[in-house]
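Student: Okay, handing you the structure first.
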Amino acid sequence: MTPNLNALSLVPMFPHTLTSRPIVVDGDSEIKLILANENQESLQVSCDGHVILAVMPGDEVIIKKSVSTIRLVHPLDHDYFNVLRSKLSQG
């Protein structure tokens, strides 16, 4: 995804099947996850790999874009695609 897209990427962590794939949705979408009441495991939600919240069976998790924004500062010669090629070892 290029940085200028208004999009959300939902990525499953540690999927147990090969069919669990990331999904990209419009940035103005609101996703609601409702945890099944039958869950007996210790469940957690991780946000951007940092914030970890405990959730209980029957809880609802709502995912949406924040109203707050962030402005990133890059050098003048910064090129998103060069960085991407370098990280993917295609350079």
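Student: Using beta carbons and a limit of 6 Å, which pairs, at least six apart or on different chains, have the first residue in segment 12-27 and without any contact (Cβ under 8 Å) to a residue 24 or more places away in the chain and the second one surrounded by 10 or more Cβ atoms within 10 Å (Cβ to Cβ) and among the charged types (D, E, K, R)?
Tutor: No pair meets every condition.
Student: Restricting to segment 28-54, give me the number of residues that are in contact (Cβ under 8 Å) with a residue 24 or more places away in the chain and hydrophobic (A, V, I, L, M, F, W, C).
Tutor: The total comes to 4.
Student: Further question: Mind listing whichever residues of segment 26-45 are in contact with a Leu (Cβ under 8 Å, 6 or more places away or on another chain) and under 30 Å from Thr2 (Cβ atoms)?
Tutor: Restricting attention to segment 26-45, the residues satisfying the condition of being in contact with a Leu (Cβ under 8 Å, 6 or more places away or on another chain) are 26-27, 29, 31, 35, 43-45.
Listed by number, the residues that qualify are Asp26, Gly27, Ser29, Ile31, Val45.
Student: Right, next: Filter segment 12-50 down to the residues that are among the hydrophobic types (A, V, I, L, M, F, W, C) and loosely packed, with under 12 Cβ neighbours inside 10 Å and list them by number. Quick ask: steps written out before the conclusion?
Tutor: Initial filter on segment 12-50 (among the hydrophobic types (A, V, I, L, M, F, W, C)): 13-14, 18, 23-25, 31, 33-36, 43, 45, 47.
Listed by number, the residues that qualify are Met13, Phe14, Leu18, Ile23, Ile34, Ala36, Cys47.
Throughout, read-outs are computed from the coordinates displayed, never taken from laboratory work. All values derive from a computational prediction rather than experimental measurement. Heads up, the Cβs are rebuilt from the backbone with ideal geometry, glycines too, and the neighbour counts pull from every protein chain shown.
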